[in-house]
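What follows draws every value from the coordinates through simple rules; no lab data is involved. Because the structure is a prediction, the values reported are computed rather than measured. Reconstructed Cβ throughout: ideal geometry from the backbone, glycine too, with neighbour counts over all protein chains shown.
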Amino acid sequence: MGLTHSYTLQENVIRAADLTGESGVVGPILALTDRSNSFLVAYEHGSTVPENFLRFTASREGQIILSAVKGNTLEGQRMDASHPWISPWFETGAVGGGCKTLRQRICVLFFLA
């Protein structure tokens, strides 16, 4: 089970095949659970489906990968030690329990803090 989000909150059940496929899953929020533990990763975004700049995929080993799709650098943008690339912001979290526990924790952190 997973949770993805764009401009309006929408929960979608995603399968492992959705993450391992070529198109991956568009974020910017991805919550995964095996019902014993849940993990959340979120990134800054400004794109709308289907014009995503970043996407989540999974490796065969089960690692979650966030990949640039397009629009992450300017044409001819210089990148070296003097001109580093600055990434979008990221947030991650993990809790014991399923998505319900994760949702409750998110509400406490973001809305009651």
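Peptides 23-33, 60-70, 90-100: what's the order by average Cβ count within 10 Å, highest mean first? Numbers along the way, then the final one.
Working: 23-33: 20.1, 60-70: 10.8, 90-100: 13.2.
Ranked by mean Cβ neighbours within 10 Å, highest first: 23-33, 90-100, 60-70.
Counting Lys +1, Arg +1, Asp -1, Glu -1, what net charge surrounds residue 103 among other residues with beta carbon under 14 Å of its beta carbon?
Once positives and negatives cancel, what remains is +2.
Mind giving me the nanometre distance, one decimal, between the label points for residue 60 and residue 77, set 7 Å out from Cα along Cα→Cβ?
That separation, rounded to one decimal, is 3.2 nm.
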